[in-house]
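Visitor: The structure under discussion is supplied below as structure tokens; questions concerning it will follow.
The values are calculated or read from the model by the stated rules, or taken from the named source; none is laboratory data. Just so we're clear, the structure is a prediction, and the values are computed from it rather than from any experiment. Reconstructed Cβ throughout: ideal geometry from the backbone, glycine too, with neighbour counts over all protein chains shown. Just so you know, the surface numbers come from the protein's heavy atoms only, side chains and all, with ligands and any DNA or RNA stripped out. Shrake-Rupley method; radii C 1.70, N 1.55, O 1.52, S 1.80 Å.
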Amino acid sequence: MSLLLRRLRGEPFLQIPSHGQMLTCYRQGMLLGLVLLVVSFALAQLPFESLALPWQIAYGLVLGVGFYLGAALMASRAPSSLPPELAATRWL
């Protein structure tokens with residue numbers, strides 16, 4: 001699974017230093033992550049109060065996974081001394 005996500009991210013294209021940490025943004029993953037976040041946000045706007053409790057739990061899990069994967073595809077944060085390739089494996 002992590003190999004697939006690493007391939008979807010693509011290569012690092014922007015690194016932003018901040019307080020001893022490095023935020024690494026990925027070329028391919030930026031667009032894919034943004035699309036996934038928009039879809040997750042649109043899904044979150046649907047009314048789910050009428051669903052049975054197990055479906056509400058599944059709905060919440062799907063939203064949580066969607067938002068997490070969207071953020072993980074777009075960027076990763078790691079200590080400044082860590083190379084971007086190792087920073088990516090920490091989140092996946």
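Visitor: Within segment 46-67, track down each residue that is within 24 Å of Met30 (Cα to Cα) and not small (Gly, Ala, Ser).
Guide: Within segment 46-67, Leu61, Val62, Leu63, Val65, Phe67 meet the criteria.
Visitor: Follow-up. Given the options Gln56, Gln15, name the one that is part of a helix (DSSP H, G or I) and not aliphatic (A, V, I, L, M).
Guide: Gln56
Visitor: Can you tell me how many residues in segment 49-79 are over 20 Å from the mean Cα position of the chain (by Cα) and either open to solvent by 70 Å² or more (accessible area, probe 1.4 Å) or under 30 Å from Pro12 (Cα atoms) (or both)?
Guide: Kept after step one, since they are over 20 Å from the mean Cα position of the chain (by Cα), are these residues of segment 49-79: 49-57.
Next, only the ones that are either open to solvent by 70 Å² or more (accessible area, probe 1.4 Å) or under 30 Å from Pro12 (Cα atoms) (or both) stay: 49-51, 53-55, 57.
Of the residues in segment 49-79, 7 are over 20 Å from the mean Cα position of the chain (by Cα) and either open to solvent by 70 Å² or more (accessible area, probe 1.4 Å) or under 30 Å from Pro12 (Cα atoms) (or both).
Visitor: Just the residues that are in contact (Cβ under 8 Å) with a residue 24 or more places away in the chain and exposed (fewer than 12 other Cβ atoms within 10 Å of the Cβ), please, taken from segment 1-20.
Guide: Listed by number, the residues that qualify are Met1, Ser2, Pro17, Gly20.
Visitor: Could you say which residue among Leu23, Leu37, Leu32 is out of contact with any Leu (no Cβ under 8 Å at 6 or more places or on another chain) and open to solvent by 60 Å² or more (accessible area, probe 1.4 Å)?
Guide: On inspection, the qualifying residue turns out to be Leu23.
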